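The values are calculated or read from the model by the stated rules, or taken from the named source; none is laboratory data. Everything numeric in this text was worked out from a predicted model, so none of it was measured. Note: ideal-geometry Cβ built from the backbone for every residue, glycine included; neighbour counts use all protein chains shown. Remember, those area values only see protein heavy atoms, side chains included, never the ligands or the DNA or RNA. Shrake-Rupley method; radii C 1.70, N 1.55, O 1.52, S 1.80 Å.
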Amino acid sequence: MQSTRKLRRLVLAGLMALGTYGLSTTALAADAGLHVDQVGYLTNHTKVAMVSAASGDRFKLVDAKTGKTVYEGKLTAAKYDANSAENIRRADFTNFNTPGEYKLVVGDKESYDFAIGDNVYNVPLVLNLRSYTLSRSGNPFKDEVTGLEVKQGHAQDKQAKLYFGDKLNKKGDILDVSGGWYDAGDYGKYTTTAGLASAEILLAYEANPTHFTKGQLHFPKGIKSDGKLPDVLAEVKHELDWMRKMQRSDGSTFHKVAGAQWPGFDKSPDTDTQERFIYGTATYSTAIYGASMAIAARVMYPYDKAYAEKLLKSAKDAWNYLEKTNQPVYHWDEGQESGSGPYDKKTDEEERAWLAAELFKTTGDKSYEQYLQKKQAVVTQKPSFFTWDNTLSLAQFAYLTNDKADKALQGKVKKAFLSYADDIVKKIDQDGFASSLSASEYTWASTKNAVSQGDHLLMANQIAPNPKYVEGALDQLHYLFGRNVLNRSFMTGVGDNPPEHPHNRIHESTGAYVPGLMVGGPNAVPGGDPDQTKFLESGNIPPAKAYLDVLTSWSTNEYAIDYTSAAAYALAFFAKADSSIRMADLKLDREFPPLK
């Protein structure tokens with residue numbers, strides 16, 4: 001496998017100069033007009049497949065092994081879907097609840113196989129969470145599932161050099177910022193996405209703690225399981241401990257750690273030996289950091305009181321810094337983006353609100369609520385799906401789930417929060433594939449945009465239980481796992497047609513394919529990357545089809561930890577811990593990319 005990947009890198013290196021966008025068409029299934037969730041459907045929930053190209057008015061479900069027909073039904077009338085530019089019919093088999101493996105058949109066409117069962121998303125959840133373990137920096141390990149071995153990823157982070165100087169530090173100061181998770185397809189580590197991804201996983205745990213257990217993640221050799229903690233909390237602790245190294249003496253945080261140059265695809269975590277630098281500082285990064293620490297403090301408290309108190313102090317220190325720093329700060333130096341992404345923004349009010357709401361929820365201290373009262377114009381706005389550059393919905397959720405909150409303000413926040421949830425449901429009802437994405441939301445990280453809207457619905461359901469919220473969130477998992485116009489699962493290693501060439505240096509440099517990573521998905525905004533731009537210029541590409549399964553399309557085929565954590569929240573809601581899952585059950589059943 002290793003030699004095959006080396007050969008492929010040489011081929012890709014030549015293709016980069018020519019444009020590689022045409023490669024994506026080879027990944028489509030023969031029966032591309034039948035669109036199913038390639039993982040499966042839950043019993044006692046809505047079960048619908050989409051049909052865009054097939055003859056006849058009827059469909060049937062057949063047993064995937066025997067071919068025996070188990071259910072028949074009639075397709076709905078065709079309806080034009082503007083985002084995909086396809087006429088879509090629906091095959092509804094909600095009433096069929098017998099567990100098993102099946103295929104959809106329409107005329108002479110058949111779909112990928114899929115499961116029906118009570119816990120079809122458990123293995124994807126485990127793979128999703130394990131992807132963080134396999135993205136660890138500074139932790140030697142050898143993984144039996146994927147074959148990935150890292151001896152000491154970026155050991156030089158123990159002696160990273162400060163890129164700038166100010167009243168707290170001198171330029172060139174040496175600091176230990178080892179550990180944490182790599183952010184995405186490169187080896188940068190960013191406080192913004194680290195904080196958001198950690199928070200989402202912690203919130204998933206807080207919502208359904210029984211869905212997480214010790215031994216669940218089958219840690220690789222070299223990764224020690226914490227005897228006190230469920231595996232998921234032990235994994236998040238690895239990131240929290242790195243984040244704490246990024247906090248400065250005044251409570252602010254450094255922005256990121258990276259090399260000065262983008263590493264080549266032949267550079268593994270072990271062989272990317274370039275000097276590493278600590279760049280910038282920002283008030284919104286500090287607020288995101290503080291919010292994640294406040295959540296972690298209350299989640300970790302039952303397991304380790306002393307550690308939880310350290311996390312809470314970190315959150316309070318961040319707040320104290322922000323109280324003294326009234327205006328948004330984003331410190332930037334020439335050359336800061338030469339080998340890493342910016343994650344830049346000019347405002348911070350949503351992130352400050354999130355930190356205040358989480359500290360109020362964790363401590364009960366009304367002084368944090370007083371800040372929210374003063375910022376009612378912000379916290380009562382209708383939100384959007386949460387991202388690292390707009391965490392308003394997370395601030396609102398924290399406030400709405402706090403029993404000590406002021407009922408009058410809580411009522412206003414609830415109205416805004418649920419109004420957006422109802423907007424999402426309307427979009428899902430109108431979309432041919434029951435996606436939550438409007439045409440303008442097929443941007444960088446569109447898959448995250450969709451799944452995050454599903455997460456908002458699950459949070460709304462905790463505020464005001466509504467079956468439409470739950471089913472709408474499930475629809476976004478169906479979209480993620482292949483019920484889309486491309487018949488593409490946007491999570492590596494999950495489903496029959498996942499990304500084969502994700503923009504990921506670990507994959508390319510080691511030959512190990514890491515499952516569980518959620519890639520960005522269709523991006524209809526030109527300029528994302530050269531391949532994507534050329535693809536969009538090649539014709540009138542509908543938004544939902546603006547995706548390339550090629551290594552060099554970082555704007556459509558790169559993962560990031562905050563994309564993947566959006567999926568973790570939804571998967572954790574619908575999956576139940578299963579102690580019978582073995583390491584062997586997590587292994588992939590074919591090569592990626594497939595051997596030709």
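Assorted remarks:
- Shown in residue order for the range 401-413 are the 3J(HN,Hα) couplings computed by the Karplus curve 6.51 cos²θ - 1.76 cosθ + 1.60 at θ = phi - 60°: 9, 10, 5, 8, 6, 4, 5, 5, 5, 4, x, 5, 5 Hz (x for Gly and Pro).
- 0 to 90° range, to nearest 10: angle between helix 2-18 axis and the chain longest Cα axis: 90 degrees
- Gyration tensor verdict on the range 280-377 (Cα atoms; rounded if a/c is under 1.5, prolate if a/b is larger than b/c, oblate otherwise): oblate
- Surface share of carbon and sulfur [accessible, 1.4 angstrom probe, percent] for the chain: 51 percent
- Environment charge of Leu162, counting only residues whose C-beta is closer than 10 Å and scoring Lys/Arg +1, Asp/Glu -1: +1
- Relative protection proxy for 363-371, 483-491, from highest mean packing down: 483-491, 363-371 (other beta-carbon atoms within 10 angstrom).
- Within the chain, DSSP assigns beta bridges of which about 90% are antiparallel (rounded to the nearest 5).
- Computed from backbone phi with θ = phi - 60° and the Karplus coefficients 6.51, -1.76 and 1.60, the 3J(HN,Hα) list for the range 441-449 is 9, 7, 10, 3, 6, 4, 4, 4, 4 Hz; x is used for glycine and proline.
- Distance between the range 504-550 and the range 189-212 - C-alpha centres, whole angstrom: 26 Å
- Converting phi to 3J(HN,Hα) with the Karplus coefficients 6.51, -1.76 and 1.60 and the offset θ = phi - 60°, the range 139-154 yields 10, x, 7, 9, 9, 5, 5, 9, x, 5, 10, 10, 7, 5, x, 6 Hz in sequence order, with x at every glycine or proline.
- Other-chain or far-sequence residues with amide H under 5 Å of Tyr71's (modelled H): Leu61
- When the listed pairs Lys316/Lys407; Lys189/Lys324; Lys361/Lys415; Lys142/Lys189; Lys374/Lys407; Lys237/Lys305 are checked against a 18 Å cut-off, the alpha-carbon distance exceeds it for Lys316/Lys407; Lys189/Lys324; Lys361/Lys415; Lys142/Lys189.
- Magnitude of the charge dipole, the chain, Cβ model with Lys/Arg +1 and Asp/Glu -1, debye to 20: 760 debye
- Between 0 and 90°, nearest 10: helix 561-574 axis offset from the chain longest Cα axis: 60 degrees
- Protection proxy ranking, highest mean first, for peptides 336-348, 500-512: 500-512, 336-348, where packing is the per-residue count of other beta-carbon atoms within 10 Å, averaged.
- Taking a sphere under 10 Å around the Cβ of Asp562 and counting the other residues whose Cβ falls inside, with K and R at +1 and D and E at -1, yields a net charge of -1.
- Computed over the range 483-563, the Cα gyration tensor eigenvalues convert (square root of 5λ each) into semi-axes of 21, 15, 10 Å, ordered from largest to smallest.
- Rounded to 10°, Cα long-axis angle of helix 231-245 versus longest principal axis of the chain: 40 degrees
- Mean Cβ neighbour count within 10 Å, used as a protection proxy, ranking 314-321, 215-222 highest first: 314-321, 215-222
- Radius 12 Å from Cβ of Asp317, net charge of other residues (Lys, Arg +1; Asp, Glu -1): +4
- For the chain: accessible area per residue (Å², 1.4 Å): 37 Å²
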